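Peer 1: Pasting in a structure now, in structure tokens, and then I'll have a few things to ask.
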Amino acid sequence: MKLTRATILLKAVLVLSAILLGFVVFGGVPGFMQHVIDTRPDLAGWDYPMRGYGLLMALPVWAVMGLLWQVFDTVLKNDSFCAANVKRFRQIAWLAVGDLALAVALGAFLVISAVSPPFIMMWLMVAVYTGIVAVIVFYVLAGLLQNAVALKQDSDMTI
């Protein structure tokens with residue numbers, strides 16, 4: 001596969017993911033909160049804080065997408081094994097830690113508040129699992145890429 005095609009496909013996935021996340025944040029969360037308010041009017045005061053929390057949880061994900069966009073640019077330039085990508089993967093791992101903490105905090109808050117519908121708890125468990133996997137994967141990728149960069153530098157120096 002040509003690097004141009006690979007870069008276009010990877011960036012298309014990022015754009016589609018960013019748009020879908022926007023639909024969740026700006027459509028799904030407000031829609032669900034409206035359902036909550038219709039079902040339990042006593043929770044109406046939580047409408048805007050929960051919308052804000054949904055946006056807060058989405059911001060690190062959009063930041064990760066921006067960093068991955070930059071990583072995919074290096075694929076096109078055939079320069080993927082670079083120190084900048086090591087730094088980006090480390091930043092992605094830390095953003096995943098932050099988003100994981102937000103998901104765990106929301107789950108704990110809902111359990112403590114006795115407002116823990118199974119549907120929401122299931123998706124929070126998916127978010128926590130995905131966060132744990134993302135932290136591990138990007139931490140390991142950063143380490144592997146750092147080793148590859150060191151090997152590349154050694155190879156370049158011997159030529």
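Coordinate-derived values only; no laboratory data. Computed from a predicted model, the values in this text were never measured in an experiment. Backbone-built Cβ (ideal geometry, glycine too); neighbour counts: all protein chains shown.
Peer 1: By a straight-distance test (C-alpha under 19 Å), which aspartates and glutamates pair with residue 11 as possible cross-link partners, with residues fewer than eight away in the same chain excluded?
Peer 2: 73, 79
Peer 1: On to the next question. Would you please put 50-60, 32-42 in order of how densely packed they are, using the mean number of other Cβ atoms within 10 angstrom per residue and starting with the highest?
Peer 2: Ranked from most to least packed, the peptides come out as 50-60, 32-42.
Peer 1: Still on this model: Among residues other than residue 63 whose Cβ falls under 15 Å from its Cβ, what is the net charge (Lys/Arg +1, Asp/Glu -1)?
Peer 2: +2
Peer 1: Nearest 10 degrees, 0 to 90: what angle lies between the long axis of helix 118-158 and the longest principal axis of the chain (Cα atoms)?
Peer 2: So the helix axis and the longest Cα principal axis differ by about 10 degrees.
Peer 1: Relative contact order of the chain: what whole-number percent is it, with Cα pairs under 8 angstrom and at least 6 residues apart?
Peer 2: 25
Peer 1: Just the Cα atoms of the range 105-148: what Rg and Dmax do they give in Å?
Peer 2: 15.4, 49
Peer 1: What span do the alpha-carbon atoms of the range 24-159 cover on each of the three principal axes, reported in whole Å from largest to smallest?
Peer 2: Projected onto the principal axes, the Cα atoms of the range 24-159 cover 72, 25, 18 Å.
Peer 1: Taking the alpha-carbon distance from residue 152 and a cut-off under 19 Å, which lysines remain once sequence neighbours fewer than 8 residues away in the same chain are dropped?
Peer 2: Reachable lysines: 77, 87.
Peer 1: With point charges of +1 on the Cβ of Lys and Arg and -1 on the Cβ of Asp and Glu, referenced to the Cα centre of the range 3-158, which listed residue (46, 148, 33) lies farthest in the positive direction of the dipole?
Peer 2: 148
Peer 1: Here is a follow-up. Please identify, among 113, 17, 80, the residue showing maximal mean-square fluctuation in a Gaussian network model of the chain using a 10 angstrom Cα cutoff.
Peer 2: Of 113, 17, 80, the most mobile in the Gaussian network model is 113.
Peer 1: Separate question: Between residue 121 and residue 156, what FRET efficiency comes out of the Förster formula 1/(1 + (r/R0)^6) with R0 = 41 Å and r the beta carbon distance, rounded to 0.05?
Peer 2: 0.20
Peer 1: For the charge dipole of the range 3-158, defined by +1 on Lys and Arg C-beta atoms and -1 on Asp and Glu C-beta atoms about the Cα centroid, which residue among 131, 19, 86 has the Cα displaced farthest towards the positive pole?
Peer 2: Farthest towards the positive pole: 86.
Peer 1: Right, here's the next one. In Å, what Kirkwood hydrodynamic radius results for the range 8-62 from the alpha-carbon pair distances?
Peer 2: For the range 8-62, inverting the mean 1/r across all distinct Cα pairs yields 12.2 Å.
Peer 1: Go ahead and run the numbers for FRET between residue 26 and residue 6, Cβ-Cβ distance against an R0 of 25 Å, rounding to 0.05.
Peer 2: Taking R0 as 25 Å, the efficiency between residue 26 and residue 6 is 0.25.
Peer 1: Once label points are set 7 Å from the Cα along Cα→Cβ at both residue 14 and residue 47, what is their separation, rounded to one decimal in nm?
Peer 2: The two pseudo-label positions are separated by 3.6 nm.
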